[in-house]
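See below for the structure under consideration.
The values are calculated or read from the model by the stated rules, or taken from the named source; none is laboratory data. Remember, it's a predicted structure, so these values are computed and weren't measured experimentally. No Cβ is skipped: glycine too gets one built from the backbone with ideal geometry, and neighbour counts run over all protein chains shown. Quick note on the areas: whole protein, heavy atoms, side chains included, nothing else; ligands and nucleic acids left out. Shrake-Rupley method; radii C 1.70, N 1.55, O 1.52, S 1.80 Å.
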Amino acid sequence: MSIPSYETVAASQTAQVLGVKGAAGDLIERLIIRPATTSPGLVTILDGSTSIPIMVAGTTTIAPIVVELNMYSAEGAWSVTTGANVSVIAVGRFTRSATV
């Protein structure tokens, strides 16, 4: 299996694909959520078109939050949507090209 990689997702992004193309079978190991305020907004992952809320409320601190997922995509590329005051580092094994 390939070595895990990471992708950054800035605040206010909508369905940013992880990997160059992303594909079914990609692994999302963890998210490192970085709130900029105590009201950072939502973090949602999408498996193709299936939306999975990860962080749906505010937080009492602006310390990073690590969410272990270890999930394989069933429908297509993993993508991440972030609120206005939150960014994410996604760690996993994401499809980098059409030949992978």
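Every residue in the range 17-27 that is open to solvent by less than 50 Å² (accessible area, probe 1.4 Å) and outside any loop (DSSP other than H, G, I, E, B), please.
Result: Leu27, single match.
Which of the residues spanning the range 28-47 are part of a strand (DSSP E or B), open to solvent by less than 30 Å² (accessible area, probe 1.4 Å) and either touching a Leu at 6+ places or on another chain (Cβ under 9 Å) or not aliphatic (A, V, I, L, M) (or both)?
Ile28, Glu29, Leu31, Pro35, Val43, Thr44, Ile45, Asp47
Which count do you get for residues in the range 1-16 that are open to solvent by 60 Å² or more (accessible area, probe 1.4 Å) and part of a strand (DSSP E or B)?
Residues in the range 1-16 being open to solvent by 60 Å² or more (accessible area, probe 1.4 Å) and part of a strand (DSSP E or B): 2 in total.
Does at least one position in the range 62-80 carry a residue that is surrounded by 20 or more Cβ atoms within 10 Å (Cβ to Cβ), without any contact (Cβ under 8 Å) to a residue 60 or more places away in the chain and within 18 Å of Pro4 (Cβ to Cβ)?
Filtering the range 62-80 for residues surrounded by 20 or more Cβ atoms within 10 Å (Cβ to Cβ) gives 73, 77-80.
So of that shortlist, the ones also without any contact (Cβ under 8 Å) to a residue 60 or more places away in the chain come out as 73.
Adding the requirement that they be within 18 Å of Pro4 (Cβ to Cβ) leaves 73.
Yes, there is a match, as at least one residue in the range 62-80 is surrounded by 20 or more Cβ atoms within 10 Å (Cβ to Cβ), without any contact (Cβ under 8 Å) to a residue 60 or more places away in the chain and within 18 Å of Pro4 (Cβ to Cβ).
I'm told Val86 meets every condition in (1) of a type in the set (Val, Ile, Thr); (2) touching a residue at least 40 places away in the same chain (Cβ under 8 Å); (3) within 18 Å of Lys21 (Cα to Cα) except one. Can you identify the failing condition by its number?
Val86 satisfies every listed condition except (3).
Being outside any strand (DSSP E or B), of a type in the set (A, V, I, L, M) and within 13 Å of the chain's Cα centre (by Cα) is the filter here; which residues of the range 48-100 pass it? Working first, answer last.
Applying the first criterion (outside any strand (DSSP E or B)) to the range 48-100 yields 48-49, 56-64, 73-77, 83-85, 94-100.
Still in the list and also of a type in the set (A, V, I, L, M): 56-57, 62-63, 74, 77, 84, 98, 100.
Scanning the range 48-100 gives a single hit, Ala77.
Specify which of the listed residues (Thr38, Thr59) is out of contact with any strand residue (DSSP E or B) (no Cβ under 8 Å at 6 or more places or on another chain) and of a type outside the set (A, V, I, L, M). Give the steps one after another, and end with the answer.
Details: Thr59 fails: out of contact with any strand residue (DSSP E or B) (no Cβ under 8 Å at 6 or more places or on another chain).
Result: Thr38 is the single residue among Thr38, Thr59 that is out of contact with any strand residue (DSSP E or B) (no Cβ under 8 Å at 6 or more places or on another chain) and of a type outside the set (A, V, I, L, M).
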